[in-house]
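Written below as structure tokens is the structure these notes are about.
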Amino acid sequence: MPKPDASATGSKRPESLYPNVTAWVTQHFVPMYRRTLGGEFRWCAQWWRHGEAISRLTALWFSWEAMRLQGATGMALWYRDHLDHQLPVLLGPRGPFYQCTETEHLAPHQARLAPVPAGWLSFDQDDDMTPVDMTRLIQQSEPLKGEAHD
């Protein structure tokens, strides 16, 4: 059962053990989760130059900070629900560090984007549309030419 929000009970919210993602990565993540690098596992010493890595590591840090306070099973759930999913993606041969070695950073290539023609996605024009509205509109739309419709 989730614990009540600290602000609702008047108690002070617990402080983070690490002040930021950089501290968590350098003082906890890298020393704790060691892997033999090369082949299956990749790492970039300049991890902070990879947007996807920053996003994934920040998500891991935030969830780690919350779940370490959850008592007996908190960390077991963190491993199962967070780390065990993110680690193979983060360090994997097709993850954000796939071109890098431990000593060399290679900037990841960004896929090209073609501009979306005006009016092509009608929901882009409506600032008040919610994600739920958008999903309904997409589900009701006609399939593109050559695309099968289920």
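The values are calculated or read from the model by the stated rules, or taken from the named source; none is laboratory data. Model, not experiment: these values are computed from the prediction. All Cβ positions, even for glycine, are placed from backbone atoms using ideal geometry, and neighbour counts span all protein chains on display.
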Scope the stretch 1-27; condition of a type in the set (S, T, N, Q) and either modelled with pLDDT under 85 or part of a loop (DSSP other than H, G, I, E, B) (or both); matching residues: 7, 9, 11, 16, 20
Of the residues in the stretch 50-69, those that are surrounded by 17 or more Cβ atoms within 10 Å (Cβ to Cβ) and in contact with a Gly (Cβ under 7 Å, 6 or more places away or on another chain) number 1
Of the residues in the stretch 10-39, how many are surrounded by fewer than 10 Cβ atoms within 10 Å (Cβ to Cβ) and aromatic (Phe, Trp, Tyr)? 0
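Can residue 99 be described as without any contact (Cβ under 8 Å) to a residue 12 or more places away in the chain and surrounded by 11 or more Cβ atoms within 10 Å (Cβ to Cβ)?
So residue 99 fits the description; yes.
Only residues that are of a type in the set (Phe, Trp, Tyr) and either over 20 Å from the mean Cα position of the chain (by Cα) or outside any loop (DSSP other than H, G, I, E, B) (or both): list them for the stretch 28-45, please.
So the first thing to find is which residues in the stretch 28-45 are of a type in the set (Phe, Trp, Tyr), and the list is 29, 33, 41, 43.
Residues satisfying the conditions are 29, 41.
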Tell me whether the stretch 40-49 contains one or more residues that are surrounded by fewer than 16 Cβ atoms within 10 Å (Cβ to Cβ) and without any contact (Cβ under 8 Å) to a residue 12 or more places away in the chain. no
Test: residue 113 is more than 14 Å from the chain's Cα centre (by Cα), assigned to a loop (DSSP other than H, G, I, E, B) and touching a residue at least 24 places away in the same chain (Cβ under 8 Å): no
Say we look at the stretch 70-92 and pick out the residues that are exposed (fewer than 12 other Cβ atoms within 10 Å of the Cβ) and in a loop (DSSP other than H, G, I, E, B); which of these is modelled with the highest pLDDT? 73
